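What follows is one structure encoded as structure tokens, with my remarks underneath.
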Amino acid sequence: MPRILVQAVDFNPGAELARLGGEETGGIASFTGIVRASHGAGPRIAALTLEHYPGMTEAALAKLAARAQARWALTGCTIIHRIGRLLPGENIVFVAAASAHRGDALQAVAFLIDYLKTSAPFWKAEEREDGTRHWVAARAADEAAAAGWDE
Amino acid sequence: MKLLYFAWVREKIGQTEENLPLPEGVSTVGGLVSWLRARSPGHAAAFADPRLIRCAIGQEFVGMDTPLAGAAEVAFFPPVTGG
């Protein structure tokens, strides 16, 4: 059973990794996404607000986890995404996969984060340090990364 | 039919949701987008560029040529930007 959480409160990556351990688990791979203040030469970010589609979000993440579990031999899988207003330096997303072997765990994590970006209904609005607010536009590079995993 | 709006689609329309019967002559998602554009200046702004609009029926992503028959919950939103 994958562990899927959509929540406003922070999560603890260490505690999440510990939950995925076990006698049949050879290793755990994970990715922790953090709100970044600087975006190249563009204006700095003061905060991000995450909106989502309650109900569809959880279903989309469960479907994503099921695809990873069908493709790789996983002993466990966790996806956590925060919603609401987040400041630079705060955790925003966590994905982890546990497996008997590192290859499956590492590939599943890369797949999960690539696909999450294009297949789960979340939207980011950024508050910039100049006081303006903007909806973040989808990136073609994210679409390409997800498409690269197509079976 | 319940329509849900998210992110800048919601902000431009000025509503999170609205209920309406399937308009006469409208049979697909793309047809509904065209119909909604005439509903208010906010709708017109939200749906000005259909290439930036994504849709879900019953909480599943669908394309613009998907039939609306039997749809109870239809959501419109921009391309997703999570992660």
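Coordinate-derived values only; no laboratory data. This structure is a prediction, so every number in the text was calculated from the model and none was measured. A quick note on method: Cβ atoms are made from the backbone with ideal geometry, for glycine too, and the neighbour counts reach across all protein chains shown.
Some observations on this one:
- Hits in region B:59-70 (condition: within 14 Å of chain A (Cβ to nearest Cβ) and assigned to a loop (DSSP other than H, G, I, E, B)): B:Gln59
- Given (1) assigned to a strand (DSSP E or B); (2) of a type in the set (A, V, I, L, M, F, W, C); (3) more than 14 Å from every other protein chain (Cβ to nearest Cβ); (4) under 13 Å from the mean Cα position of the chain (by Cα), number of the condition A:Ala46 does not satisfy: (4)
- Considering region A:26-43, and only residues there that are in contact with a strand residue (DSSP E or B) (Cβ under 7 Å, 6 or more places away or on another chain) and among the polar types (S, T, N, Q), the residue that is farthest from the other protein chains (Cβ to nearest Cβ) turns out to be A:Ser30.
- In region A:73-98, residue nearest to A:Phe122 (Cα to Cα) [restricted to those that are among the aliphatic types (A, V, I, L, M) and away from chain B (no Cβ under 14 Å)]: A:Leu87
- Neighbours by Cβ (under 9 Å, 6+ apart or cross-chain): first from region B:7-36, at positive phi and free of Cβ contacts under 8 Å to residues at least 60 places away in the same chain; second in a helix (DSSP H, G or I) and hydrophobic (A, V, I, L, M, F, W, C): B:Gly25/B:Trp35
- B:Gln15 surrounded by fewer than 18 Cβ atoms within 10 Å (Cβ to Cβ) and either away from chain A (no Cβ under 14 Å) or in contact with a Pro (Cβ under 8 Å, 6 or more places away or on another chain) (or both): yes
- Top-ranked residue in region A:64-107 [being basic (Lys, Arg) and out of contact with any helix residue (DSSP H, G or I) (no Cβ under 8 Å at 6 or more places or on another chain); ranked as farthest from A:Ala29 (Cα to Cα)]: A:Arg85
- Taking the criterion of being without any contact (Cβ under 8 Å) to a residue 24 or more places away in the chain, over 11 Å from the mean Cα position of the chain (by Cα) and closer than 21 Å to A:Lys117 by Cα, the residues of region B:37-83 that qualify are B:Arg51, B:Gly58, B:Gln59, B:Glu60, B:Phe61, B:Thr81, B:Gly82, B:Gly83.
- Cβ pairs under 7 Å, 6+ apart, first in region A:134-148 and touching a residue at least 12 places away in the same chain (Cβ under 8 Å) and farther than 18 Å from B:Val9 by Cα, second β-branched (Val, Ile, Thr) and surrounded by 14 or more Cβ atoms within 10 Å (Cβ to Cβ): A:Asp142/A:Thr118; A:Glu143/A:Thr118; A:Ala146/A:Thr118
- Filter result (within 14 Å of chain A (Cβ to nearest Cβ) and among the aliphatic types (A, V, I, L, M)) within region B:1-12: B:Leu3, B:Leu4, B:Ala7, B:Val9
- Hits in region A:116-145 - residues which are surrounded by 17 or more Cβ atoms within 10 Å (Cβ to Cβ) and more than 8 Å from chain B (Cβ to nearest Cβ): A:Glu126, A:Ala145
- Filtered by the rule that a residue be at the interface with another protein chain (Cβ under 8 Å from one of its Cβ atoms) and either assigned to a loop (DSSP other than H, G, I, E, B) or surrounded by fewer than 19 Cβ atoms within 10 Å (Cβ to Cβ) (or both), region B:71-83 gives B:Pro78, B:Pro79, B:Val80, B:Thr81, B:Gly82, B:Gly83.
- Residue among A:Ala66, A:Ala96 that is among the small types (Gly, Ala, Ser), crowded, with 18+ Cβ neighbours inside 10 Å and closer than 26 Å to B:Pro79 by Cα: A:Ala96
- The test for being free of Cβ contacts under 8 Å to residues at least 60 places away in the same chain, outside any strand (DSSP E or B) and within 14 Å of chain B (Cβ to nearest Cβ) does not hold for A:Glu23.
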